[in-house]
Structures are given as C-alpha cells and as structure tokens.
Amino acid sequence: MDRVYLFLTSYLIYMYNALSVAHYFVSASLHSDIPITPYKAEFLVYFAHGWHLAIDGRSLISEKVKAWRHGPVIESIHKFYNKSKTNIHATVEDFDINEVKERDREFLDGIWLYYNHLNEIELLSLCTDDGTPWFMVHEKSSGELIIDNQRIKQHYRLLHISNPEFCDLDDPISVDNLQVRSSVQVG
C-alpha cells in the first residue's frame with residue numbers, strides 16, 4: 001500500500017493512498033458478499049476520511065477531495081475505476097490487507113459496517129445534502145473546487161457529537177471531553 005510520510009516536529013504522520021483505502025473496501029465487499037460499485041467505494045473513502053479527520057484529527061488519505069458537479073470526487077479513485085474495464089473485485093487481487101495498520105483496519109471495518117447497507121444513490125445523498133461540505137463548496141461555484149479538510153473535519157465532528165453512539169471514553173472529541181475543554185478555555 002502506498003503511503004505518504006510527513007515529518008512534523010518529532011511526529012511521524014502517514015496517510016494512505018486513496019486508492020488503497022478504496023481497495024480495502026472492495027476487499028471487504030468481496031469477503032462479506034455485500035455489493036459494491038466504484039462510486040460506493042469512492043463515497044466510503046470520503047466518509048472514512050471525514051470520520052478520521054473528526055475522530056483522530058488527521059487526514060486518512062493524501063489526496064484532496066474535489067467538489068464536482070454531482071458530488072465529492074477523489075480523482076485517483078474516479079480515474080482508476082473509469083478506465084478499469086474489469087469486475088471491481090478483480091482490481092484487488094494483489095491487494096495485501098496486512099499493509100493497513102491494525103488500528104486503521106478496525107476503523108475502516110467500522111466505516112464498512114456502518115455504511116455497507118446503503119447503495120451509491122443513498123451515499124451520494126449523504127454527501128450532497130444541504131449543509132454538507134460538498135454543498136457548501138459547490139454552492140459557491142459551478143467549477144471544480146477543493147473541499148478543504150477543515151470543512152470536512154468540522155462537518156464530521158458535528159455529526160460525531162450529535163451521534164453519541166460514536167463517542168468513546170478515550171475519544172478525543174467525545175461530548176465529555178469537549179465540555180471539559182470548553183470549560184478550561186473559557187475559564
């Protein structure tokens with residue numbers, strides 16, 4: 001799996017190649033007999049990236065998300081599946097699932113379990129509803145725009161807080177931790 005490494009002070013931060021994360025979801029589909037399409041894979045990567053930004057505070061993928069006319073697009077995934085004429089499951093024959101760190105596999109499995117029952121039309125709706133990062137960026141222009149990570153992070157943080165089933169005690173943005181932080185900042 002391709003990874004991009006960024007060195008910031010003394011921390012090693014890596015992000016996955018977006019196509020590798022898409023392959024992870026295609027592989028999950030293959031093992032669970034739940035159908036997946038190229039668009040569904042792309043939307044799942046977008047959701048995983050958003051939730052990762054909200055929960056972990058860091059990007060999951062190294063690529064920018066673009067606001068195209070019909071929804072958010074991760075260009076490498078979009079191009080790969082558009083030019084690939086084979087069955088989507090055949091694209092992951094050489095994919096080694098062990099290249100994804102165990103912690104990230106658990107995270108991606110959670111995304112898969114939460115969204116796998118939805119089809120690409122339902123996922124698209126979740127991406128393009130009023131108030132979503134795509135909607136807010138695309139509303140400003142009909143051209144190709146970047147949806148910045150801060151906007152995505154903010155959206156998924158709000159979703160996270162409004163859905164307490166996603167909150168863990170050690171979660172950096174759980175409701176209790178946010179209340180403690182805001183009382184410290186104000187006081």
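Key figures for this structure:
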quantity: Formal net charge of residues neighbouring Trp51 (Cβ-Cβ distance under 11 Å; K, R +1; D, E -1); calculated: +1
quantity: Separation of the Leu126 and Asp94 label points, Cα + 7 Å toward Cβ, nm; calculated: 3.1
quantity: Net length gained if the chain between Thr37 and Ser84 were fully extended (0.36 nm per residue, minus Cα distance); calculated: 15.7 nm
quantity: Backbone N within the stretch 59-91 under 13 Å of label point (7 Å from Lys140 Cα along the Cβ vector); calculated: 67
quantity: With every protein chain in place, the stretch 70-141: carbon and sulfur % of accessible area (1.4 Å); calculated: 51
quantity: Packing-based ranking, highest mean first, of 19-27, 34-42 given that Cβ atoms within 10 Å are counted; calculated: 19-27, 34-42
quantity: Average projected area [Cα convex hull, the stretch 32-115], square nanometres; calculated: 6.2
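The values are calculated or read from the model by the stated rules, or taken from the named source; none is laboratory data. Quick caveat: nothing in here was measured; it's all calculated off a predicted structure. Positions of Cβ are backbone-derived with ideal geometry, glycine not excepted, and every protein chain shown enters the neighbour counts. What goes into the accessible areas is simple: the full protein's heavy atoms, side chains included, and nothing from ligands, DNA or RNA. Shrake-Rupley method; radii C 1.70, N 1.55, O 1.52, S 1.80 Å.
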